[in-house]
Every structure is written in structure tokens, then in C-alpha cells.
Amino acid sequence: MEQRQLGRTGLLVSRLALGTWTWGAETTAEDAAGQLRLFLEAGGTLVDTADVYAGGNSERVLGQLLQRVRRDDVVLATKAGGLLEEVRGRACDASRRHLLTALDESLSRLGLDHVDLWQLHVWDPLTPLEESLAAVDAAVTSGRARYAGVSNYTGWQTAAAATWQRAWPGRVALASTQIEFSLLARGAEAEVLPAASHAGLGVLAWSPLGRGVLSGKYREGIPPGSRATTHRAAFVGPYLDERCGRITDAVIATAREIGVPPAAVALAWARDRPGITAPIIGARTIAQLTESLTAEQLTLPPSVRATLDDISAAENAGKSSG
């Protein structure tokens with residue numbers, strides 16, 4: 001699998017990343033092992049998790065699996081700052097106290113002494129940005145993290161964080177940001193992607209399949225066992241409208257013409273958009289991951305990209321996330 005430079009750093013990561021949101025919950029440890037093996041065999045390196053995924057079980061499962069592979073074969077990314085439930089009225093906590101404690105707990109669950117990329121999961125309006133970023137400096141200078149990034153920041157938040165870190169010698173320059181980005185969610189192109197480009201940040205795209213919708217599995221109704229039938233139905237629901245249906249139909253038609261799964265088309269489109277370092281594949285099953293990994297052999301013809309660009313730009317007109 002092709003490797004790409006993460007921002008202005010010397011760190012190389014695979015141009016497709018493996019997400020672990022469902023590991024330890026909807027994805028069993030056995031299936032997670034199969035996914036990791038398949039991903040590494042395909043040449044993938046970047047694996048993304050977070051301290052709150054599956055209540056910490058995602059990191060626990062991943063930590064066990066890392067004992068079976070060469071540590072150098074995996075570029076491990078995790079996050080901190082999110083909360084499983086509100087605590088004293090706050091939905092997130094990026095205070096120095098919480099962040100550094102969360103990092104130590106992540107390392108314990110993972111069975112490691114460091115992670116390769118540590119990301120501030122969400123913007124915390126209650127904590128001064130410089131306090132959160134001081135925790136980033138402490139994490140990297142102590143050796144517990146090799147690189148640092150942010151996640152789910154708006155354009156101005158991304159620019160503010162990156163600028164602060166570069167404003168004084170000795171601070172740890174940010175390597176990346178992570179955002180939602182797909183044919184169904186192109187709002188980041190308005191401000192987040194330009195801010196990341198200006199600051200020299202790599203961009204990791206979560207939900208590049210439009211929360212699973214671009215796989216085409218919802219076009220004939222809600223399939224049994226899908227996320228739309230679980231407690232995560234509200235996560236998928238916003239992308240089951242007519243606008244998203246028209247974009248998904250275009251992806252399905254393209255996939256049939258080329259002879260690949262719709263997921264591969266959507267991933268190849270997101271992967272090769274300007275500014276994107278790697279889309280994160282959030283497969284629940286080995287079969288889903290197998291389909292998604294076919295994107296590595298796929299380069300969309302310019303005419304196909306233009307068609308998808310046009311229909312998704314028109315359908316996303318006026319919608320911005322940053």
C-alpha cells in the first residue's frame with residue numbers, strides 16, 4: 001500500500017487507515033484480529049482508536065492484538081478528551097489533568113509505553129487552548145507520544161492550535177487533524193482543509209463512506225444488523241435522505257461500470273482529494289474491510305472523478321462543517 005507523509009513530519013502512514021470504533025463492542029476480538037491481519041497483509045500501517053471507543057474495550061482488544069505483530073509494522077493513533085457521558089455538566093474534558101491521566105490509561109490498556117500519534121479528540125470550550133496544548137507538549141517531551149494532532153476542530157480552531165504551537169521554540173508542532181469527510185459531507189473543504197494546508201497538517205478523514213451509506217447497503221431499506229437498527233441509528237439517520245440517496249446512486253452506478261464495490265469508489269474518491277492524507281475505514285466485519293481494501297488498487301478516471309465531484313458539490317451546496 002502506498003505510504004504518505006503525515007503533514008510536514010517525517011512520519012509515513014498508509015494512505016488508507018484502519019478504524020477501530022466498533023472493536024470490543026459490535027466487532028468481536030476474533031473478527032478484530034482478522035481485520036488487523038488483513039489490513040497489515042495489504043500493506044496498511046495506520047491504525048486509529050480512542051480512549052472512549054467501546055468504553056475502552058477498543059484499546060484493550062487492540063493492545064492484545066499488538067502483542068502478536070511487530071510493533072514497527074503499526075503506526076498507532078489514539079485520542080483523548082472525549083467523555084463517555086457528561087461529567088459535572090461537561091461533555092468533553094481537555095484539561096491538562098484529564099488529558100494526561102487519559103493518556104496513561106490508554107497506554108495501560110494498549111500495553112505500550114508510547115503511541116505514535118496522540119490526538120485531542122474534540123474542542124473543549126471550558127479549557128483554555130494553551131492548557132490543552134501544554135498537555136500535548138508534556139506527552140511528546142516525556143516520550144509517551146511521538147507526534148500529536150487534533151480532531152473534530154473547526155477551521156479557526158485548527159488554525160489557532162497550529163499557530164500557537166509554532167509560535168514559540170520548544171512547543172510541539174501539530175502533525176495532523178482528523179475530520180469527517182466524504183462525498184456526503186464535504187463541508188470541511190470550506191475552512192478546515194485550507195487551514196490544515198496552510199499549517200502543514202496531514203488530514204485523516206473519518207466516515208469516508210458517509211457513515212456506511214455510500215456502501216449502498218441502505219438503498220433498498222434498512223438491513224438487519226446494520227447500525228441503523230441499533231442504538232447508533234441517530235448516527236446514520238441524517239444521511240438517509242433524498243440528497244444523500246442521489247449521491248449514493250451515482251456511486252453505485254460508477255461501481256457497476258468499473259466492476260468494483262461502491263465502498264471502493266467512495267474511498268478512492270476521498271483518498272485522492274487534495275489535502276487528504278488517509279481516509280479511515282471503519283469496517284465492522286472482515287467482509288466489509290475486504291471490500292474497502294479494493295480501493296487500494298483503484299484510481300478513478302478523471303471523467304468519473306469530475307462527475308462525482310459535480311453531483312456531490314451540488315448536493316452539498318450551502319452545507320459547511322467548519
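The values are calculated or read from the model by the stated rules, or taken from the named source; none is laboratory data. This structure is a prediction, so every number in the text was calculated from the model and none was measured. When we count neighbours, we look across all protein chains shown, and the Cβ atoms used for this are built from the backbone with ideal geometry, even at glycine.
Of all residues in the range 190-206, those satisfying the criterion of being part of a loop (DSSP other than H, G, I, E, B), of a type outside the set (D, E) and surrounded by fewer than 24 Cβ atoms within 10 Å (Cβ to Cβ) are A190, G200. Scanning the range 6-35 for residues that are of a type in the set (D, E, K, R) and either part of a helix (DSSP H, G or I) or free of Cβ contacts under 8 Å to residues at least 40 places away in the same chain (or both) turns up E30, D31. Is there a residue being assigned to a helix (DSSP H, G or I) and buried (at least 24 other Cβ atoms within 10 Å of the Cβ) anywhere in the range 172-187? For the range 172-187, residues assigned to a helix (DSSP H, G or I) and buried (at least 24 other Cβ atoms within 10 Å of the Cβ): absent.
Quick check: anything in the range 93-106 under 28 Å from R15 (Cβ atoms) and touching a residue at least 12 places away in the same chain (Cβ under 8 Å)? The answer is yes; a qualifying residue exists.
Candidates are the residues of the range 242-268 that are of a type in the set (G, A, S), out of contact with any helix residue (DSSP H, G or I) (no Cβ under 7 Å at 6 or more places or on another chain) and in a helix (DSSP H, G or I); the one that is farthest from L300 (Cα to Cα) is G245. Taken together, the criteria exclude R243 from residues that are at pLDDT 95 or above and of a type in the set (D, E, K, R).
Yes or no: A160 crowded, with 24+ Cβ neighbours inside 10 Å, assigned to a helix (DSSP H, G or I) and of a type in the set (G, A, S)? Considered against the rule, which asks whether it is crowded, with 24+ Cβ neighbours inside 10 Å, assigned to a helix (DSSP H, G or I) and of a type in the set (G, A, S), A160 comes out as no. Among the candidates E191, E180, the residue that is more than 23 Å from F235 (Cβ to Cβ), charged (D, E, K, R) and at pLDDT 95 or above is uniquely E191.
A single member of S151, S142 is hydroxyl-bearing (S, T, Y) and farther than 20 Å from G200 by Cβ, and it is S142.
How about the range 36-78: which of its residues are of a type in the set (A, V, I, L, M), in a helix (DSSP H, G or I) and in contact with an Asp or Glu (Cβ under 9 Å, 6 or more places away or on another chain)? Within the range 36-78, L40, A54 meet the criteria.
Going through (1) closer than 21 Å to E180 by Cβ; (2) in a loop (DSSP other than H, G, I, E, B); (3) out of contact with any strand residue (DSSP E or B) (no Cβ under 8 Å at 6 or more places or on another chain) one by one, A94 falls short only on (3).
Taking (1) assigned to a strand (DSSP E or B); (2) of a type outside the set (D, E); (3) under 30 Å from L38 (Cα atoms) in turn, R109 satisfies each apart from (1).
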